[in-house]
1. Take peptides 507-519, 721-733 and line them up by average Cβ neighbours within 10 Å, highest first, as a rough protection proxy.
2. Starting from 0.36 nm per residue, how many nanometres of slack lie between Glu576 and Ser763 once their C-alpha separation is accounted for?
3. Excluding ligands and nucleic acids, what accessible area in Å² is computed for Ser797 using a 1.4 Å probe, to the nearest 10?
4. Mind giving me the FRET efficiency for Glu700 and Arg470? R0 is 56 Å, r the Cβ-Cβ distance, nearest 0.05 is fine.
5. Can you give the FRET efficiency for Asp481 and Lys588, using 1/(1 + (r/R0)^6), R0 = 22 Å, r = Cβ-Cβ distance, to the nearest 0.05?
6. Ranked from highest to lowest mean number of other Cβ atoms within 10 Å per residue, what is the order of the peptides 110-118, 736-744?
7. Expressed in nm to one decimal, what extension gain is obtained for the pair Leu59 and Ser666 from 0.36 nm per residue of sequence separation less their Cα-Cα distance?
8. If r is the Cβ-Cβ distance from Leu732 to Arg682 and R0 is 22 Å, what FRET efficiency results, to the nearest 0.05?
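The values are calculated or read from the model by the stated rules, or taken from the named source; none is laboratory data. The model shown is predicted, which means the values in this text are computed figures rather than measured ones. Positions of Cβ are generated from backbone atoms using ideal geometry, with glycine treated the same way; all protein chains shown enter the neighbour counts. Side chains included, ligands, DNA and RNA excluded: accessible areas come from the protein's heavy atoms. Shrake-Rupley method; radii C 1.70, N 1.55, O 1.52, S 1.80 Å.
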Amino acid sequence: NNNNSNSNNYSGSNPAKQKPALSRTQCVDDCSVGALLLRLLQAMTGKRAAGQMPPPWDLLGDLSKLLGLWLRAPLALGLTGFIQELSAPDGLLAKFMSLAPRLIVGGVLGHFSLGVEHLATTSTCYHLGLATNAVRCTGVAFAHISQQAVGRTPESAYFVELCNALPHSLLEQDGDQSWGSHRQQQPQQHQRRHRFQRLCPEAAVNDFLRAVKSVCHCLASCTVRSRGGTPVERLVRSSLQALAALAFPTGFPGHVMMPWCQLADPIQALPAFEATHPGQQAIESVRQTLLDLLANGLRKGPSPTSSPNADGAFGGANGEKDLRLLEGLTGDASAELRGPFDTVVALAEWGCRRRDEQALSLTRALLRHLPQAQDGGAALAMLSPSAAVTLISISPMALEASSASGTLRVVAALLTSLVAAWNSSLAGSPSLVDLITRAFEGIASLLSMAEMHGLTQEVQQSKLPMQVLRLLARVPQRTTDALLSATAPPREEQRWWRMLSAGLQLLASAVLQHPSLAQDFVCQDGFGLLLEHNLLSVDLLLIEAKLDCSEPSGSGEQALLNSLLIVSQLARLSEEYYPELKRINPAKALKPLLTCNRPNLRAKACNALGYLVKHSGQFYEALHQEGVVAALVTLCGDADTSCRKLASFAVGNCAFHNAMLYQGLSPSIPLLLLLLDDSDERTRANAAGAIGNLVRNSGELCASMVEHRVCQALLRLVGSRLPRPSAGPKELATFLSDSSIKIALFSLGNLAMHRQCREVLLSTSFTHDLCLSLPAVADADHEFCIYGQRVLQKLKS
């Protein structure tokens, strides 16, 4: 109404004549409503409207939303006949396809007259409401097209031909100068001039291509990274959903226009997408085009000068990461088959990266729905290897205690699917090696989360080491040697090394978590892996200088640390693993690490050697022959705190079972005396325990003990920490919890068994007074009192 009169009165004094409500048949089964909405949009965005007055942006956005909902209704209600009427070559769907690019361009750029190519250079969004609603409406139109080509039986020859024409039209329009130029050489039929004029007019193909381009450009040119709750998130998500509707017809449009919070609902309705479907080639043509458009668009992105924050843009500093984000949606069809759930996984990852609660719910729904059996083929039928790895990487964020058991079983099944993929034509391909590396990293995070939730039993049942070792068995045998011998290692060897390193870190996490996982490691010949790739060799430190190890997990030092953790844990758990440990000749392998320039490695090597002699003296002879004992003694005086602590621990265990190594350990006595005054409680305890073990099996070192005044040093350690009579509860609790005092008292009892040391202890009344004062600060059944009484009894004998 262009009149300025106030004739429209809504107060009720002159009510307008009420019109009857529209029925469902009138709203949906008749094209007049949709045609009217389309005509309004055409009129408001056409040439005649230009220059008269500013466009009504909000109204255009609302009209686009209404048209999208109206187009969606036939899909949701299953009105097959009406869908065919809409999809006629001259129907409403074809007319909207010619209008869609104009609406998207207008919403993003603010000018309807500009071409689609201008979207690639923008850094802003002029009217977010119109752009988002136009993209959503286009996504519903894409759903109509893909389902007409694949989702119905028989498929529509018109839409099959329309989809097949898409890549040919792209090559004709852009040639080798723009989209698609980054791809490898295409088959002959993809390069020749090809026109589909039998059913599809060239104009219809061009309109379809421009609509697809506009959505891809819109996604690639977003300059503000989408985060949960930000306005631009709606546009990014709508663009993803629109492309998903086109590339992966599922028979249910819920992932196109349904609210994000309801995305988990239609998962049960998603059917398997059969590779033998008659419309498969048509959809593959669509995916080929989307891959070209998105990969090139995300690589190029908007001009860096168009935005002050280019790093936040697609195609900026994070462009490669964003491209990987979409690989579940548009992954290279020549490298791997796509799965029907790939797009859902891509959308779930998009939200999980922003801690979107609804995306986390979607991920949990996916994990519940996927097969939990160890059947790699079943998982591959639903997810591509790329999507399987993506789901593994986001599963730690969605892990809940209530569903953890199922989550871990699904992840194990997904890992099995990667083994199955390896057995296919993808074996050894660089992309699959990189995917497996990412999978290992994701599962390591998942295990950490499971441990945090106390899910020990679930981790035990997952049998993850078995799957990891099956994959690591595919790493070429001489990978490590090839890296060390090459001046500039080829990329292939670097990929294999990163996979090996990530797998080793995952195995170390698993072995540390539960004894049953450690047993799985041994049963699956995990020690064979350490031997085959020399993973305990100090030479691995040279790898860092030859590789671009931006991640610590890919360094040679980290690989050595993980190998040492595995050896230490297995030696600590049981003597049953000693025969397997002897295969790696630990004394010979670990000796060079005791003298390397990395404190972490020296400390972990001491720890491993200490646990190797924890249960028995089987390795004493090997330690003596390899000269390891002297190196351990020297490290008791190391500048690094951890080295001193763990070296004294190893020395103590080397003296525990028999006196074979006593003479080689005797130079450690003055160093252990110094450690009795160390600020670290555990170091003091290890030193006191080592002194007691050096007289546990014989008295051959008693003269040296007396010479170095060891008895007096142990008495001083206990007496200097004895609380005063007026001590408060906190000071008393600190004294009673000090493990170094308990072990010092026990070692005094060991010394008192030998005449030379007993005479020293009896020569001063302080020994007797100290032991009698302990019941005043501790209960009679406390270990302090028990060990104090033991000293007094030994002195009387």
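1. Listed from highest to lowest mean packing, they are 507-519, 721-733.
2. Taking 0.36 nm per residue and subtracting the Cα distance, the gain is 62.7 nm.
3. Ser797 has an accessible surface of roughly 90 Å² with all protein chains in place.
4. For Glu700 and Arg470, the calculated efficiency is 0.60.
5. 0.75
6. 736-744, 110-118
7. Length gained, Leu59 through Ser666: 209.4 nm.
8. 0.55
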